[in-house]
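Here is the structure we will look at.
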Amino acid sequence: MTTYFIGDIHGYYNEFISLLKKINFDYENDKLWITGDLIARGPDSIKVLYFLYSIKKSIKLVLGNHDLYLIFLILNPKNNDINDKKILDLLTNKKIIFIVKNWLKYQPLIQYDKKKKILMSHAGIPPQWDNIEIILSAANEAKNIISSKNNIFFLDYINNEKYQINDWKKNTLVGFKRFNYIINGLTKMRYCYLDGTLEMFTKKAPNDINSKTLKPWFWIPNILYKKYTIFFGHWSDLQGGEYTQKNIIGLDTGCCWGNKLTIYSWEKKQFYNIKCII
């Protein structure tokens, strides 16, 4: 059995399938971890979701910010004011609605392998979280809210994305503010201030910004960054591992911007990629 990790697919079905063929992925024995953002931007989000649902026993995924938005739209059809035809096609497809309501919305925000000492989320692990139990508990709290019938915090979060909580306040947050921080940290984070609080707006690569007050989240000291191998996606400007230390592996290599879709083999410690066509 081989364990693979893949970055943000973003609806690039043909490239995704070609990459699985390139590594001779064994659907019976291998396991594929996916960093989230399965849909949007690319041409074939419907095919990606169909396929992932059909091989759900072979994969472990986390939800990304685009996936959360799709879940919100399908759970709240009356609130939609969407002009993007690719998204509209998802919202009117009965099988996609079934997949989202019965499978996708129940997926976690963190994947964890205690034996291999692996952590994976869409955006990374916030520097203010230095305890594995807090990370797992917080991610589970958010998952339960997203997937429950009483998911008002989730709906309010998507409706009020400009209202951003960026400080964990030593685990004292409650209610909506707590949920807001968890989602920000696990699905949207890129930069942090020097005290570890989140900065939610800067997207460029570290070499392209001139700031004495901001650092990429993985440059802020945290004991867990040394104890675990951390996989994440979300930040295509990093172009993989140019800025991270060896055991923090960014896998969003910008497929949706005409760059590459990337897979990493845990056992071989090897990257595989394929050029994406836009």
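Return the residue satisfying two criteria in turn: it lies in the stretch 209-245 and is within 19 Å of Gln111 (Cβ to Cβ) and part of a strand (DSSP E or B), and of such residues it is nearest to the chain's Cα centre (by Cα).
Phe232
If I filter the stretch 17-74 down to residues being of a type in the set (Ser, Thr, Tyr) and in a helix (DSSP H, G or I), which single residue comes out as nearest to Ile125 (Cα to Cα)?
The qualifying residue nearest to Ile125 (Cα to Cα) is Tyr69.
Exactly one of (1) out of contact with any helix residue (DSSP H, G or I) (no Cβ under 9 Å at 6 or more places or on another chain); (2) in contact (Cβ under 8 Å) with a residue 24 or more places away in the chain is unmet by Thr92. Its number?
Just one mismatch for Thr92, condition (2).
What number of residues in the stretch 78-98 are among the aliphatic types (A, V, I, L, M) and modelled with pLDDT under 80?
Residues that pass the stated criteria total 1.
Restricting the stretch 235-252 to residues that are of a type in the set (Gly, Ala, Ser) and free of Cβ contacts under 8 Å to residues at least 40 places away in the same chain, which is surrounded by the most Cβ atoms within 10 Å (Cβ to Cβ)?
Out of the qualifying residues, it is Gly240.
Residue by residue, here is whether (1) crowded, with 17+ Cβ neighbours inside 10 Å; (2) over 27 Å from Lys115 (Cα atoms); (3) among the β-branched types (Val, Ile, Thr) holds:
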site	(1), (2), (3)
Pro216	yes, yes, no
Ile220	yes, no, yes
Thr229	yes, no, yes
Gly233	yes, no, no
Lys260	yes, yes, no
Glu267	no, no, no
Ile274	yes, yes, yes
Ile278	no, yes, yes
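For the stretch 16-56, give me the residue count where each residue is farther than 20 Å from Glu267 by Cβ and either modelled with pLDDT under 95 or of a type outside the set (A, V, I, L, M, F, W, C) (or both).
So the answer is 14.
When you scan the stretch 70-89, do you find a residue that is within 17 Å of the chain's Cα centre (by Cα), crowded, with 16+ Cβ neighbours inside 10 Å and under 26 Å from Ile17 (Cβ atoms), even just one?
yes
Just to check your reading of the model, which residue among Gly254, Gly258, Gly233 is closer than 30 Å to Ser148 by Cα and not polar (S, T, N, Q)?
After ruling out the rest, the residue left standing is Gly233.
Of everything in the stretch 105-151 that's farther than 18 Å from Ile165 by Cβ and among the aromatic types (Phe, Trp, Tyr), which residue is surrounded by the fewest Cβ atoms within 10 Å (Cβ to Cβ)?
Tyr106
Just the residues that are farther than 16 Å from Leu173 by Cα and outside any helix (DSSP H, G or I), please, taken from the stretch 132-163.
Correct list: Ser148, Lys149, Asn150, Asn151, Asn160, Glu161, Lys162.
Is it the case that Ile9 is over 22 Å from Ser265 (Cβ atoms) and within 20 Å of the chain's Cα centre (by Cα)?
no
For the stretch 90-127, how many residues meet the condition of being more than 30 Å from Gly250 (Cβ to Cβ), part of a loop (DSSP other than H, G, I, E, B) and within 20 Å of the chain's Cα centre (by Cα)?
Adding up the residues that qualify gives 0.
The values are calculated or read from the model by the stated rules, or taken from the named source; none is laboratory data. Just so it is clear, the structure is predicted and the values come from calculations on it, not from any experiment. Note: ideal-geometry Cβ built from the backbone for every residue, glycine included; neighbour counts use all protein chains shown.
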